[in-house]
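Right, one structure below, let's go through it.
The values are calculated or read from the model by the stated rules, or taken from the named source; none is laboratory data. All figures in this text were calculated on a predicted structure; none of them were measured in a lab. Note that each Cβ is placed from the backbone with ideal geometry, even for glycine, and that neighbours are counted across all protein chains shown.
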Amino acid sequence: MNVFYEEEGTFKVGAILADNMTSLQVEAPHGKRAKIKAASVLLRFDAPSLTEFMDVAHKAADNLDPNFLWECCENEAEFSSDTLAADYFGHAATPEEAAAVLIRLHSAPMYFYKKGRGRYKAAPSKALEAALASLEKKRLQAERQSRYMKLLEAYTLPEEFKPVISSLLYRPDRNTTEWKALEAVCTANRLSPVRFLEKCGAIPSTHDYHVNRFLLEHFPVGTGFGELEAAELNDPPDLPVSDVIAFSIDDAATTEIDDAFSVTPLTLGSFRIGIHIAAPILGITPGSPLDAIVAERLSTVYLPGRKITMLPDAVIHHYTLAENRLCPALSMYLDVADDFTVTSVSSRIEQVKVAANLRHDTLEAYFNENTLSQGNLNHPFGRELKALWNFACKMEALRGKTNDNNNERIDYSFSVEGDRIAITQRRRGSPIDKVVSELMIFVNAEWGRQLADSGVAGIYRSQGGGKVRMSTSPAPHQGLGVSQYAWASSPMRRYVDFINQRQLIAVLRGETPPYTRESESLHRSVQNFEATYEAYGEFQRGMERYWCLRWLLQENIQTMAAQVLKENLVKLDRLPLVTRVTPLPEMAPETSIEIEISQIDLLELTFNARFLHKLQA
């Protein structure tokens, strides 16, 4: 005697060796013995060959149409497989036929719901319709995936991929057919999705690849301002007009001119320095839509050849300290004695006449170490520049930073025209840099002190133990050598300065400041700004690295001088580009070496640097 039974969802046959009522000892066709429950047995039969029995049953099951079987018992609440087999074959079913019906019912769960041993129920018509539609959908998806994979294997991008390239590159939906096809071919070819899509021509511009990834994360709805491009500005109508003649100092690409300076002679060799800061706060109402978007953007984003401004162009144009016009400003005036000691400080809200926007590239020929040493500043603002230079030197000495190593660092400027990049160097600490930086340090430290002394909340930057942090409490900034430091000099480019200027103007007007130290919005702004400002800075550094690599390719640079920083870390000459050279013989920091450059990868922003030899000092 043999049995046809179900075990763990699979149909099996075996010859009975022992029958213990509730359990059976059986032997499978291949000789393996097993103990099964009597309740698992569906049929008992005699047959000379168990293997032949299963072959016959499976072939018969393949010929059974599940849809026809479903129609035969659609209206029945529940049925036995034996009854269905007898109805279907028109006679008491043979063991092979009964097994065939069981196999077919079990293999069609969309058509038949299992209700017990050998018992089933036909699926409701709507449920069956939905299940069949789902099955058809999966079949079509499988066909589509197969077609995609064939195209991708030939490095041909399917047309359906083009509208979703952005999501495939940056935010893939792993449930889509497109991603499944891409993932499969990437695994087979041992390539990353980005690299494979590049080979398919889906990344025509490596530059745009990096920029679009940043934009998708930080500007998902675009970089424009919509209807706020022409936001209404409400400047006070009665701002006094200062009688000073001011000028700004910036690089050639600057359009958000936040600061300008003036120098007015007083008696007995003393003079008055004016530090004039653009004042967009005057026209942007707290809580307005424009105020909200500034709070969301938090900073201007800079990258070579482009920037994404914190404020709309129309607002920038209105408040930038452009030459030959009156500009709203928050001004700080310093009365300075002939020994360059500050004798008094005052602040005003006013309009300032900006006579000139001086630019680094043209000013440096007139204002540099040589012209200062010769006492010959042959420039329309030569007298003012010399006074500011002497004042800056005095302030630097008072901060204890005269011999600061940072003054010898190199700053790099990137100029992009089309696909070509020019990278120029400027030594930090030049007279132009020193004048601007010292005046900015002074005004930010002084306004920070005034906020603290007035008991008004502000946002401060402090440094201790080499770590810079932001908080609403004043604390020393050891790197700058000041007791407190509050960014307030770039309100068109940084939201922290925007907030601090709003607090300062409220103090000058005798009004209640918008923020208190306990304001949740103030603390939230600090947290959001720190995270966003770091992300923007990281993006800028990444794009500068990208253009450095582009420059190496553009100039066909294969070998280059570099300087050892520490261990195997080196910095390339003429570029703000740092890399590791492995292996590198043990060398002291600042040792000059020559390296070979190869394998530049503009997607991964990597390249290979190999040590060639040490350069003679």
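Descriptive notes on the structure:
- For the range 92-181, the helices (runs of 4 or more DSSP H) that sit wholly inside it and include 1 or more residues that are within 21 Å of Phe79 (Cα to Cα) are 95-106, 125-153.
- Looking at Leu17, Leu24, just one residue is surrounded by 15 or more Cβ atoms within 10 Å (Cβ to Cβ), of a type in the set (A, V, I, L, M, F, W, C) and assigned to a strand (DSSP E or B), and that residue is Leu24.
- Apart from one condition, Gly510 fits all of (1) surrounded by fewer than 18 Cβ atoms within 10 Å (Cβ to Cβ); (2) farther than 30 Å from His210 by Cα; (3) under 27 Å from the mean Cα position of the chain (by Cα); the exception is (3).
- So Asp313, is it of a type in the set (D, E, K, R) and more than 45 Å from the chain's Cα centre (by Cα): no
- In the set (1) under 30 Å from Asn212 (Cβ atoms); (2) modelled with pLDDT under 95; (3) not small (Gly, Ala, Ser), the condition left unmet by Thr320 is number (2).
- Selected residue (only one of Val578, Val526, Val564, Val570 is touching a strand residue (DSSP E or B) at 6+ places or on another chain (Cβ under 6 Å), outside the structural domain of Arg409 (by TED's automatic domain parsing) and touching a residue at least 60 places away in the same chain (Cβ under 8 Å)): Val526
- Annotation: of all residues in the range 71-91 being assigned to a helix (DSSP H, G or I) and of a type in the set (A, V, I, L, M), the one that is farthest from Leu128 (Cα to Cα) is Ala86.
- Failed item in (1) under 30 Å from Leu575 (Cα atoms); (2) more than 33 Å from the chain's Cα centre (by Cα); (3) without any contact (Cβ under 8 Å) to a residue 40 or more places away in the chain, with Asp433 passing the rest: (2)
- Tabulated pairs, the range 495-523, first assigned by TED's automatic domain parsing to the domain that holds Met470 and farther than 19 Å from Glu296 by Cα, second buried (at least 18 other Cβ atoms within 10 Å of the Cβ) and basic (Lys, Arg), C-beta under 8 angstrom, 6+ apart or interchain: Pro513/Arg502
- Lone unmet requirement of (1) of a type in the set (Lys, Arg); (2) surrounded by fewer than 16 Cβ atoms within 10 Å (Cβ to Cβ); (3) closer than 24 Å to Ile432 by Cβ for Arg306: (3)
- Members of the range 48-85 found to be closer than 14 Å to Phe11 by Cβ and surrounded by 18 or more Cβ atoms within 10 Å (Cβ to Cβ), listed by number: Leu50, Phe53, Met54, Val56, Ala57, Ala60, Ala61, Ser81
- Test: residue in the range 323-336 that is among the hydrophobic types (A, V, I, L, M, F, W, C) and assigned to a loop (DSSP other than H, G, I, E, B): no
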